[in-house]
Amino acid sequence: MVEAPDAPMHDQPLLVAEALCKNYGRVTACRDVSFSLYPGEVLAVVGESGSGKSTLLQLLSAQLAVTSGRVSYRMRDGVLRDLASLGEAGRRFLFRTDWGYVHQDPALGLRMAVSAGANVGERLMAVGWNHYGRIRQTASSWLERVEIDVARIDDAPRTYSGGMRQRLQIARNLVTEPRLVFMDEPTGGLDVSVQARLLDLMRNLVGELGLAAVVVTHDLAVARLLSHRVMVMKGGQVIETGLTDQVLDDPHEPYTQLLVSSILPP
């Protein structure tokens with residue numbers, strides 16, 4: 001059995017969610033979700049389709065406006081700020097610098113018509129890099145790091161396999177060493193053997209870089225391998241939360257027990 005990574009110890013949270021709610025008319029997609037995420041900590045949000053986990057990820061990453069509640073992020077100056085108060089420009093700045101977002105479909109996170117090197121280099125230029133040789137060298141280094149042949153640096157992602165595209169998306173997101181990464185079903189749609197390699201890669205990179213991450217997944221194997229803590233969602237609410245091994249090895253809620261038993265569909 002693979003154990004969850006050891007949890008890092010920090011005093012001040014990096015991300016704080018307070019009583020988050022999101023309504024679409026009479027439909028509640030997310031209801032009264034509260035938690036704190038600490039630097040270097042990986043939180044997995046699990047549940048079946050329609051449980052509200054993807055909506056929660058979009059609320060946390062400020063891609064959706066909350067109906068009520070608040071999401072706060074600790075900036076590099078140490079101040080915890082309400083994301084709603086930052087404005088669109090401030091949130092875009094966070095995505096260029098402090099945050100990464102790994103989509104289930106890598107085509108949403110990559111520029112498919114430009115080269116792999118340009119995809120990685122674009123992120124570096126967004127944070128102020130302007131030396132072409134240094135950018136290309138760093139892009140090459142990251143392609144190697146995510147197990148992509150450097151000879152493919154000038155090839156467009158549309159010529160890559162699904163697994164290679166996902167690894168390139170990870171390189172693009174992590175090249176600037178963000179402090180927080182959001183991952184939406186990062187292994188979804190990939191073959192089992194490709195999933196295993198990708199998970200191993202992500203685990204190593206997250207640990208090596210000391211990243212905080214929120215991972216949305218229906219795959220409990222992903223949660224066990226990557227996360228320190230798990231939140232189980234059903235009907236837009238968090239019904240169980242705790243350390244990954246505790247929740248997955250000794251679930252208390254009947255719904256969580258069904259998930260762990262793989263009775264519920266993804």
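Read-outs throughout are calculated quantities, based only on the coordinates presented, and are distinct from any laboratory measurement. Predicted, not measured: the structure shown is a model, and the values here were computed from it. Cβ coordinates were reconstructed from backbone atoms using ideal geometry, including for glycine residues, and neighbour counts include every protein chain displayed.
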HN-Hα J in Hz across region 97-111 - Karplus 6.51, -1.76, 1.60, θ = phi - 60°, x for Gly and Pro: 10, 8, 10, x, 9, 9, 7, 4, 9, x, 4, 7, x, 10, 9
Going toward the positive end of the dipole of the chain, with +1 on Lys and Arg Cβ and -1 on Asp and Glu Cβ, which of Y255, G128, T217 do you reach last? G128
Please get the size of the charge dipole for region 109-177, origin at its Cα centre, with Cβ charges of +1 on Lys and Arg and -1 on Asp and Glu, quoted in debye to the nearest 20. 140
In deg cm²/dmol and to the nearest 500, what is the mean residue ellipticity at 222 nm of the chain if only DSSP H runs of at least 4 residues count, each as -39500 (n - 2.57), divided by the residue total? -10500 deg cm²/dmol
Could you calculate the FRET efficiency of A89 with R197 from 1/(1 + (r/R0)^6), where r is the beta carbon distance between them and R0 is 45 Å, rounded to 0.05? 0.75
Nearest 10 degrees is fine. How inclined is helix 132-145 to the longest principal axis of the chain, computing both from alpha carbons? 50
Tell me the angle of helix 116-126 to the major Cα principal axis of the chain, expressed in degrees between 0 and 90 and rounded to the nearest ten. 80
